[in-house]
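One structure is given here, and the rest of the page talks about it.
The values are calculated or read from the model by the stated rules, or taken from the named source; none is laboratory data. What you see is a predicted model; the values in this text were computed from it and never measured. Here the Cβ is made from the backbone with ideal geometry for all residues, glycine too, and neighbour counts use every protein chain on show. Each accessible area value is taken on the protein alone, full model and side chains, heavy atoms only, with ligands, DNA and RNA left out. Shrake-Rupley method; radii C 1.70, N 1.55, O 1.52, S 1.80 Å.
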Amino acid sequence: MRMSVIGCGYLGAVHAAAMASIGHDVIGIDVDEAKVAMLQRGEAPFFEPQLGELLRQGIDAGRLRFTSRMADAGGADVHFLAVGTPQVQGGHAADLRYVDAAVDALLPHLRPGDVLAGKSTVPVGTAAAIARRVDPTGATVVWNPEFLREGWAVHDTLTPDRIVVGVPDSADGATAADTIRTAYSSAIDAGTPFLVTDLATAELVKGAANAFLATKISFINAMAEIADAAGADVTLLADALGHDTRIGRRYLGSGIGFGGGCLPKDIRAFAARAEELGRGESVVFLREVDAINLRRRDRAVQLVIDALDGRVFGRRIAVLGAAFKPFSDDIRDSPALDVAVRLRGLGADVIVTDPAAIDNAAAVHPQLGYARDRDDALRDADAVVVVTEWDEYRRDLSPAHAGGLVRNRIIIDGRNCLDAAAWRAAGWNYRGMGRR
Ligand code: UGA
């Protein structure tokens, strides 16, 4: 099947490469010439395990190509729309300018029978509005939300938990659903559930999924606040809750909370859209989810201040992590970097290290100190803060080794990812988040 993928960011680049890897003919389109050139050379423009390999395979097989010319989308049977929908400046809603621009540019190249499949996360109602503009071309608009996680994007795209497609209630809608079923036939044949819904439900599935995940994380972080006050341990609490199969342990990871280019802005956009629909009260809890999440960063900073007896100015603090999560170089709304920036704001001499995200972090926050080598960051530190649970810190860093590098054995575990007993046994003043 011939496909175009419009927008080659974290979502589109992976989708294009994944579709080529299962045998489709794919053209990836992006307005960013530099990104297109990298992709065309088979280089991933961001850190994503397995993506480079998948790109090179697709390009070498002649099934994958990248361009900045929208006209090259002409002739594809399915056009996947994968542009970004960031938070609007000065508000909570989603900024749809890239979606609108992509649709405008694509319109002249659509033919009757083509399928325009939206993958971007959009406020409910967007697909219907796009469909009204696309209608005169004879193409059909469907919505096919994406659930991939950064760091696992290739895996999630090739073996998704489920495939959802929202289609219009018409004969063309049924035909378009069949087209999408064919596009994903390898995953569907392997047993992936395929759910066909109306347009609005498909749009809502994505927003609701991210809202649920964010709520689950903030729930356990709220419990961490209570655990701190009560002298309990939130990680044991999470283990015990997680054994209840109705609850499950995943997304009960407590600490400095969620960030990235999706959960924070998606819960805000979801609430903003609910308000427009007159149902703001239905999701008023999402404001609390957001507030709990942001309080975690304050809490981590306070733990550092307390551990240093209030004397932060001029102290050397090693910050382990900058990315919003491991296996990613993405620093968008990164709680890790936010903690580093706040400590720097208090006058600390902050040295940030990260296996993948230093270049991105330094471009946005040149005021912070950086060390590519973890041990250089630790050397002579008055306190250490773990804010991204990379294996390099969580698994590979021994308390004895770190103890030989730092000036003070103070460690704040912002991700509750370390073995508290082992660090304490090695003479460290260990402080977790919601752990006794
Ligand atoms: C999230 C969703 O998980 C994907 O399903 C969705 O497709 C994607 O957003 C999107 O909308 O595009 P992602 O942003 O890659 O994916 O990151 P997650 O792995 O979900 O983590 C989000 C944040 O939550 C990270 O900062 C992570 O550290 C934090 N987190 C996660 C916790 O604090 N605790 C947990 O237990 C799990």
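Inspect all residues belonging to region 339-347 and state whether any of them is open to solvent by 10 Å² or more (accessible area, probe 1.4 Å), within 27 Å of G9 (Cβ to Cβ) and not in a loop (DSSP other than H, G, I, E, B). Yes - at least one qualifying residue is present in region 339-347.
Within region 330-358, the set of residues being farther than 18 Å from E392 by Cα, within 13 Å of the ligand (Cβ to nearest atom) and not aliphatic (A, V, I, L, M) comprises R332, D333, S334, P335, D338. Close Cβ contacts (under 9 Å, 6 or more residues apart or on different chains) running from residues in region 204-216 that are without any contact (Cβ under 8 Å) to a residue 60 or more places away in the chain and within 11 Å of the ligand (Cβ to nearest atom) to residues that are open to solvent by 40 Å² or more (accessible area, probe 1.4 Å) and polar (S, T, N, Q) are absent. Could you tell me whether any residue of region 11-22 is over 25 Å from W143 (Cβ atoms) and either touching an Asp or Glu at 6+ places or on another chain (Cβ under 7 Å) or modelled with pLDDT under 95 (or both)? No, region 11-22 has no match at all.
Right, A71: modelled with pLDDT of 95 or more, among the hydrophobic types (A, V, I, L, M, F, W, C) and surrounded by fewer than 16 Cβ atoms within 10 Å (Cβ to Cβ) or not? Yes; evaluated as a whole, the condition is true for this residue. May I ask you to list pairs of residues, at least six apart or on different chains, whose Cβ atoms are under 7 Å apart, with the first in region 411-423 being free of Cβ contacts under 8 Å to residues at least 60 places away in the same chain and within 22 Å of P335 (Cα to Cα) and the second being in a helix (DSSP H, G or I) and among the hydrophobic types (A, V, I, L, M, F, W, C)? Filtered contacts from region 411-423: I411/W423. Here L195 meets each of (1) away from the ligand (no atom under 14 Å from the Cβ); (2) out of contact with any Lys or Arg (no Cβ under 7 Å at 6 or more places or on another chain); (3) among the aliphatic types (A, V, I, L, M) with one exception, condition (2). The residue of region 372-391 that is farthest from the chain's Cα centre (by Cα), among those that are over 17 Å from I331 (Cβ atoms) and charged (D, E, K, R), is D380. Scanning region 277-329 for residues that are within 16 Å of the ligand (Cβ to nearest atom), under 27 Å from A356 (Cβ atoms) and of a type in the set (A, V, I, L, M, F, W, C) gives L294, A300, V319, L320, A322, A323, F324, F327. If you filter region 21-51 down to residues that are in a helix (DSSP H, G or I) and among the polar types (S, T, N, Q), you find that the one that is least open to solvent (accessible area, probe 1.4 Å) is S21. Entry remark, region 7-46: residues being small (G, A, S) and under 16 Å from the mean Cα position of the chain (by Cα) number 3 in total. Among T157, T182, T175, T245, which is polar (S, T, N, Q), within 11 Å of the ligand (Cβ to nearest atom) and either touching a Leu at 6+ places or on another chain (Cβ under 7 Å) or open to solvent by 70 Å² or more (accessible area, probe 1.4 Å) (or both)? Unique residue meeting the criteria: T157.
Residue by residue, here is whether (1) open to solvent by 20 Å² or more (accessible area, probe 1.4 Å); (2) on the phi < 0 side of the Ramachandran plot; (3) touching a residue at least 12 places away in the same chain (Cβ under 8 Å) holds:
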site: D233; (1), (2), (3): yes, yes, yes
site: A240; (1), (2), (3): yes, yes, no
site: G253; (1), (2), (3): yes, yes, yes
site: G261; (1), (2), (3): no, yes, yes
site: R268; (1), (2), (3): yes, yes, yes
site: L277; (1), (2), (3): yes, yes, yes
site: V289; (1), (2), (3): no, yes, yes
site: I292; (1), (2), (3): yes, yes, yes
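Kindly provide the set of residues from region 313-333 that are assigned to a loop (DSSP other than H, G, I, E, B) and open to solvent by 10 Å² or more (accessible area, probe 1.4 Å), ordered by number. The answer is F313, G314, R315, F324, K325, P326, F327, D329, I331, R332, D333.
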